[in-house]
Amino acid sequence: MLPSPEGMQMITDKCLQLFDSSSGALNAAGIAVELLALPELPMHCPDHHFLVPAALLTAAHRAAGHDRAALDRDLRKARARIASLKGGSCGEYGCCGAAVGAGVFASIWNKTAPLSKEHWAAGNQLTARCLASIATVEGPRCCKRVTYLTLRAALPACRELLGLDLGEFPQLSCQHHQRSKECREQDCPFYPGE
């Protein structure tokens, strides 16, 4: 299954709304939490692959003081790149789409391409750090958990590799665990305490 055009549009619309709002989440983690709470977003689906670069792009454009048109343009680029990334890539390819989404963000932000000489490594390093973070917890899949793990690794990596401060990763408790039949419960770092 591929990311749905409807799901990616819903995420895009919410990002643009948050970008325009002075009261919405300002950092990448807060934006991601709001996106994960969208009632129409299933517990598990490949739309989460787009959610990660969408949250990072929204925070980066806000931090840089860019206009809405610049964010909209980059969200469209991210959607095009993520559109062919199949659900289940975490288990079938050993490369979770959330981490790939972080790499998509880096390549769009740095304007890198396969033949780029500068910044090419940064996108791969960011993806690698996110994959290493995801790999700290055994399966089965959980799109919410891997989103949190990706952002927990991506935010400090963005500061170091890209010179971007997109906020800190807060202490989070998952609000979605009851919806997952495969929840690892106490074996997940985001499972709510007793």
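The test for being of a type outside the set (Val, Ile, Thr), surrounded by 14 or more Cβ atoms within 10 Å (Cβ to Cβ), without any contact (Cβ under 8 Å) to a residue 24 or more places away in the chain and within 21 Å of Ala106 (Cα to Cα) holds for His66.
Summed over region 25-41, residues that are of a type outside the set (S, T, N, Q) and touching a residue at least 40 places away in the same chain (Cβ under 8 Å) total 8.
Among the residues making up region 12-55, those that are of a type in the set (S, T, N, Q), over 17 Å from Leu151 (Cβ atoms) and in a loop (DSSP other than H, G, I, E, B) are Ser21, Ser22, Ser23. Scan region 1-11 for residues that are in a loop (DSSP other than H, G, I, E, B), touching an Asp or Glu at 6+ places or on another chain (Cβ under 8 Å) and more than 25 Å from Ala153 (Cβ to Cβ) and jot them down. Ser4 - this is the single residue of region 1-11 that is in a loop (DSSP other than H, G, I, E, B), touching an Asp or Glu at 6+ places or on another chain (Cβ under 8 Å) and more than 25 Å from Ala153 (Cβ to Cβ).
The residues listed here are His49, His61; of these, the one that is more than 20 Å from Ala153 (Cβ to Cβ) and at pLDDT 95 or above is His61.
Hey, does region 105-123 have a residue that's surrounded by 21 or more Cβ atoms within 10 Å (Cβ to Cβ) and over 19 Å from Leu155 (Cα atoms)? No, region 105-123 contains no residue that is surrounded by 21 or more Cβ atoms within 10 Å (Cβ to Cβ) and over 19 Å from Leu155 (Cα atoms). Once region 122-140 is narrowed to residues that are part of a helix (DSSP H, G or I) and in contact (Cβ under 8 Å) with a residue 40 or more places away in the chain, the residue that is nearest to Leu161 (Cα to Cα) is Ala122. Selection of region 1-46 for residues being crowded, with 17+ Cβ neighbours inside 10 Å, over 24 Å from Lys86 (Cα atoms) and polar (S, T, N, Q) yields only Asn27.
For region 73-87, indicate whether the set of residues that are in a helix (DSSP H, G or I), under 18 Å from Pro156 (Cα atoms) and small (Gly, Ala, Ser) is non-empty. No, region 73-87 contains no residue that is in a helix (DSSP H, G or I), under 18 Å from Pro156 (Cα atoms) and small (Gly, Ala, Ser). Whether any residue in region 167-182 is among the aliphatic types (A, V, I, L, M), under 23 Å from Leu57 (Cβ atoms) and either at pLDDT below 95 or more than 19 Å from the chain's Cα centre (by Cα) (or both) is what I want to check. Checked against the condition, which is being among the aliphatic types (A, V, I, L, M), under 23 Å from Leu57 (Cβ atoms) and either at pLDDT below 95 or more than 19 Å from the chain's Cα centre (by Cα) (or both), region 167-182 yields at least one hit.
The values are calculated or read from the model by the stated rules, or taken from the named source; none is laboratory data. Since the model is a prediction, treat every value here as computed from it, not as a measurement. Cβ sites come from the backbone with ideal geometry, for glycine too, and all protein chains shown count toward neighbours.
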